[in-house]
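These notes are about the structure you will find just below.
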Amino acid sequence: MQTDLRNRDLIGDLDFSKEEVETVLDVAFDLKRKRALGEPHAYLRDKVLAMLFFFSSTRTRGSFEAGMAQLGGHAAFIESRTTQISHGDTEKEMGEIFGRYFDGIAIRHVEWGVGNRYLNFVAEASRVPVLNMQCDIYHPFQCLADLMTIIEKKGRDLRRRKIVVSWAYAASYLKPISVPQSLILQMPRFGMDVVLSHPPEFKLMPEIMDQAREQARKYKTSFEVVHDMEEGFKDADVVYAKSWGPLLTTTDATEGKRIQDQYKDWITDARKMALAKDDAIYMHPLPADRDIEVTSEVMDGPNSVVFDQAENRLHAQKAVMALTMR
Ligand code: CP
């Protein structure tokens, strides 16, 4: 067990080794048990986390803020638009200055081509851990909560279990590609066979695809790409179907929407879920476009684990904060 995670950043999913992720999971399950029993676990008394948001959030903000309070510390909610970032505070200023005020800096910055770069520049200047609350490339805390949820539902031995990471249609906005990218990087390390399913225009980043293939080779799992939602769902143990924008094809929002609107039939419904295993779980990080991206029948149905998934954000994040910020 790798226990020394003090002062480590978590920006990309592979920043922590598999053994370190296992430590995070062990601590997360322990913290979940402690909370269920009402056992105090103030591992971060007097510590303060800066939460810098460049984009809206429900779950991420709520779970980081509640998590810090439950660990005996405090989280400061800071919106970029109410800072002096637009008046000259660079990544260096944010890392240097917030690194001196706070014990950790968590950032959400999903702007394509900008967010991940921003986090890495802040991390270079910061003396405290930088935690990625979602950037344009990765959503590592979502993925840790997802892994925790899959283990709860399917057991620790995930070898020969199939996860389909599928694109789904959404009408609301062009969503980041960070969730599917994090999933295809992390899941092979825990033995899962990964099928990535999307229309041709919704490719993920080539370097992330290469890394996912490399992880699959290293952990002797399979990684396959298909362009048919139904084919992807066949015999899956885990159906993880969500929308993302065609960002590798176009960054123009109007053109992106035009492309996206060609695939309105990529909805997760009961008929498609029936192609997966009988006990397949349905996962989504939320928010979802109800009855567009997924039917309410599936989302509120017996195979859906979306609320357990959302809950596990809290426990997984507390584990990383307790390990990195102590
Ligand atoms: N899943 C997720 O990150 O939710 P929020 O965007 O509400 O934080």
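The set of residues in the range 161-189 that are at pLDDT 95 or above and over 16 Å from the mean Cα position of the chain (by Cα) comprises Arg161, Lys162, Ala168, Tyr169, Ala170. For Ala145, the conditions (1) outside any helix (DSSP H, G or I); (2) within 30 Å of Gln309 (Cα to Cα) all hold with the exception of (1). The condition (being surrounded by 21 or more Cβ atoms within 10 Å (Cβ to Cβ), at positive phi and not β-branched (Val, Ile, Thr)) is satisfied by just one residue among Gln134, Gln142, Gln186: Gln134. When Val48, Val21, Val27 are checked against the criterion of being touching a Phe, Trp or Tyr at 6+ places or on another chain (Cβ under 7 Å) and of a type outside the set (Phe, Trp, Tyr), a single residue qualifies: Val48. Residues of the range 160-174 that are farther than 23 Å from Asp210 by Cβ and either away from the ligand (no atom under 16 Å from the Cβ) or buried (at least 20 other Cβ atoms within 10 Å of the Cβ) (or both): Arg160, Arg161, Ala168, Tyr169, Ala170, Ala171, Leu174.
What are the residues in the range 1-22 that are within 16 Å of Leu131 (Cα to Cα), of a type in the set (A, V, I, L, M) and open to solvent by 50 Å² or more (accessible area, probe 1.4 Å), if any? Across the range 1-22, the qualifying residue is only Leu14.
Here's the yes/no breakdown for (1) in the same structural domain as Glu22 (by TED's automatic domain parsing); (2) of a type in the set (Asp, Glu); (3) farther than 18 Å from Ile150 by Cβ; (4) in contact (Cβ under 8 Å) with a residue 24 or more places away in the chain:
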position: Met187; (1), (2), (3), (4): no, no, no, yes
position: Met205; (1), (2), (3), (4): no, no, yes, yes
position: Met209; (1), (2), (3), (4): no, no, yes, yes
position: Gln215; (1), (2), (3), (4): no, no, no, yes
position: Glu231; (1), (2), (3), (4): no, yes, yes, yes
position: Ala236; (1), (2), (3), (4): no, no, no, yes
position: Gly245; (1), (2), (3), (4): no, no, yes, yes
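Looking at the structure I just gave you, is Asp193 open to solvent by 10 Å² or more (accessible area, probe 1.4 Å), of a type outside the set (Gly, Ala, Ser) and farther than 28 Å from Lys32 by Cβ? Considered against the rule, which asks whether it is open to solvent by 10 Å² or more (accessible area, probe 1.4 Å), of a type outside the set (Gly, Ala, Ser) and farther than 28 Å from Lys32 by Cβ, Asp193 comes out as no.
Residue count for the range 286-307, restricted to those that are over 17 Å from Asp265 (Cβ atoms), more than 13 Å from the ligand (Cβ to nearest atom) and assigned to a helix (DSSP H, G or I): 2.
For the range 110-142, a residue qualifies if it is closer than 25 Å to Lys318 by Cβ and part of a loop (DSSP other than H, G, I, E, B), and the qualifying residues are Val110, Ser126, Arg127, Val128, Pro129, Ile137, Tyr138, His139.
The values are calculated or read from the model by the stated rules, or taken from the named source; none is laboratory data. Owing to the predicted nature of the structure, the values given are computational and were not obtained by experimental measurement. Counting neighbours? That spans all protein chains shown, and the Cβs are built from the backbone with ideal geometry, glycine included. To get the accessible areas, we keep the full protein, side chains included, count just its heavy atoms, and leave off ligands, DNA and RNA. Shrake-Rupley method; radii C 1.70, N 1.55, O 1.52, S 1.80 Å.
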